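Written out below as structure tokens is the structure these notes cover.
Every number in this text was worked out from the coordinates using simple rules, so none of it is lab data. Note that this is a predicted model, so its numbers are computed, not measured. Note that each Cβ is placed from the backbone with ideal geometry, even for glycine, and that neighbours are counted across all protein chains shown.
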Amino acid sequence: MRWTALYVRSRQVPASLAAAVVSAAAVWALSGGGSADPRLPALVLVAGTAAGSIGLGGQDLALDRTAAIRWAPRRAAHTLLIGAVAAAVLLAVQATGEEAATAAFVVRDSAGLAGLAAAGAVLFGAQHAWTLPVAWPAFALFTPPGTGVPAQVATWMMQPPGTAAATWTAVVLAGGGMAAYTLAGPRR
Amino acid sequence: MMRAVSAADIAPKAYAWEIQATGLKVRAGAKRMAVDGLDLSLGTGVHGLLGPNGAGKTTLIRALATVLRPAGGSLELLGEPAGGTGGHRELRRRIGYLPQEFGYYKRFTVREFVEYMAWLKEVPDREIPGAVQRAVERVGLADRADSRMKTLSGGMVRRVGIAQAIVNDPAILLLDEPTVGLDPAQRLRFRELLQELGSDACVVVSTHLVEDVAAACTDVVLFAEGRLRFQGTPDGLAAAGGPGHVGDSPLERGYSALLSDSGQGRGSW
């Protein structure tokens, strides 16, 4: 449909999609076609959601706000799409080599990171929405490894799939981020 | 292009004024009350909103455009209370708004940008191409309709802004400083357009150019420190000034006469 094409272009989706694909390919090439390290697929998903988060706000917030269309369902769909596209890019890249991440891992991480990007848009605006999905994993890299629940929550995106605390953290981030963004929209 | 007359066009109006504010208060930022107890009724016609810098003109227009929610008082637009928590979708379809500065996707062509805005305003799909063409022609950009936004001059961008504001044939049209960046010839053309639009819509134009008001407005609203100072015809504004007041034209003398009570407009910036 015509408006979808205009919306997608104005939200710079082609550029962020290209950025996500290029960074995924780069990470995969540098890792030598995949390894068992969970940090690599997590990094690909971080890059994908951060690139997609740019499109969570329009070019003019006042004009967007005076629009008659219903924003809420479109915002929710946009958030879901960021997670889905980031996951699809990762799955496509790792299909070329050894499989490093299971589907459960990819779904958990992409949902949680997309929720973080949405929360970032609500808190800091779309231009700076990437800070949250980048900052948390960066912080997690420097968290001393542990087996307690706080450590599992802090490093949720690198835990093996099926870790209850990590799954619940991702669920809360996905649900909370998406709900806040759907209702409030990007920060003005 | 012929346009079909829809039921909404011939339905009788159920309201006396397009814009009616009573004791309206609107906050700018967290603390400052930029519109502070405004009583204002505006009907069909071109209303020039005049006032010194910082008078609250932009804040008032943003509230009328449903961008800002009033902090107090009541505001009725087209007979519908504005400022509640609802989406105001019905209302927003019938409002056109040109912000003082607006953002746009730079790789859109003029036509694509105006089309996108028409979609945001829920203009029916099959009417969009015609409405876009008409709006672009009215601002004199038909020959640049397929140029990208980033190739346009400042005055042209301003005119694209006017085109997007009128694409949905609004009943309330709010233009914040529309003549900034227009050259004298464009300004004359714009005044004609304003008079055309004002024949069947409520047009509110904020400006600090007194001569714009004299040439194109049927009604002057003088606004200072968040309150209404004067509302009447341009002749009424001119009549308020005497030879002792600052200004080069009767309207400017009237403007400074009405503002001088508060110590503004005379000597101070």
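If R0 equals 60 Å, the separation of the Cβ atoms of B:S74 and A:L30 corresponds to a calculated FRET efficiency of about 0.45. Rg over Rh for segment A:2-184 works out to 0.98, using Cα positions for both radii and the Kirkwood form for Rh. Shape class of segment A:98-149 from the Cα gyration tensor (axes a ≥ b ≥ c, square roots of the eigenvalues): oblate, since a/c reaches 1.5 or more and a/b does not exceed b/c.
Place a point 7 Å from the Cα of B:D200 along the Cα-to-Cβ direction; which residues of segment B:91-117 have their backbone N under 18 Å from it? What the label zone holds, given the 18 Å backbone N cut-off, is B:93-96. For segment A:2-184, build the charge dipole from Cβ charges (+1 Lys, Arg; -1 Asp, Glu) around the Cα centre, then report which of A:V21, A:A138, A:Q94 sits farthest towards its positive end. With unit charges placed on the Cβ atoms, the residue in question is A:V21. Take each peptide in B:196-209, A:19-32, count the other Cβ atoms within 10 Å of every residue, and average; sorted highest first, the result is B:196-209, A:19-32.
Under the classification rounded if a/c is under 1.5, otherwise prolate if a/b is larger than b/c and oblate if not, where does segment B:1-159 fall, given a ≥ b ≥ c as square roots of the Cα gyration tensor eigenvalues? Since a/c reaches 1.5 but b/c is at least a/b, the shape of segment B:1-159 is classed as oblate. Antiparallel as a % of all DSSP beta bridges within the protein assembly as shown, to the nearest 5? Roughly 55 percent of the DSSP beta bridges within the protein assembly as shown come out antiparallel. Contact order, relative form, for chain B: 22 percent (alpha carbon pairs under 8 Å, 6 or more residues apart, mean separation divided by residue count). Taking a straight line from the alpha carbon of B:K13, these aspartates and glutamates sit under 17 Å away, with near neighbours fewer than eight places off in the same chain left out: B:E76, B:E80, B:E90, B:D169, B:D200.
Against chain B, whose longest principal axis is taken from its Cα atoms, helix B:110-120 shows a tilt of about 80°.
Our helix-only sum for chain B, with -39,500 (n - 2.57) per DSSP H run of n ≥ 4 divided by its residues, gives a mean residue ellipticity at 222 nm of -9500 deg cm²/dmol.
Look at the dipole of the protein assembly as shown built from charges on Cβ: of B:A185, B:G83, B:A240, the Cα furthest out on the positive end belongs to B:G83. Calculate the spin-label point distance for A:E99 paired with B:S249, positioning each point 7 Å from the Cα along the beta-carbon direction, and give it in nanometres. Inter-label distance under the simple model: 7.7 nm. Cut-off 10 angstrom, C-alpha nodes, Gaussian network model of chain A. Which of A:A67, A:A119, A:A101 fluctuates the most? Answer for the Gaussian network model of chain A: A:A67. A helix-only calculation puts chain A at -22500 deg cm²/dmol for mean residue ellipticity at 222 nm, using -39500 (n - 2.57) for each DSSP H run of at least four residues, averaged over all residues.
Positive end of the charge dipole of segment A:2-184 (Lys, Arg +1 and Asp, Glu -1 on Cβ, about the Cα centre): tell me which of A:T155, A:S110, A:L56 has its Cα farthest that way. Farthest towards the positive end: A:L56.
For a straight C-alpha distance cut-off of 16 angstrom, the lysines reachable from B:K57 (same-chain residues fewer than eight places away being disregarded) are B:K25. Classify chain B: rounded, prolate or oblate, from the alpha-carbon gyration tensor (a ≥ b ≥ c, eigenvalue square roots; a/c under 1.5 rounded; otherwise prolate if a/b is larger than b/c)? It is prolate, given that a/c is not under 1.5 and a/b is the larger ratio. Cross-link partners of B:K150 among aspartates and glutamates, defined as those whose alpha carbon lies under 16 angstrom from its own and excluding same-chain residues fewer than eight positions apart: A:D60, B:E101, B:E112. Sorted from longest to shortest, the spans of the Cα atoms of the protein assembly as shown along the three principal axes equal 86, 48, 41 Å.
Residues of segment B:94-116 with amide nitrogen under 16 Å from the 7 Å Cα-to-Cβ point of A:Q127? Answer for segment B:94-116: B:101-106. Each other residue within a Cβ distance under 12 Å of B:A135 adds +1 if Lys or Arg and -1 if Asp or Glu, for a net charge of +1.
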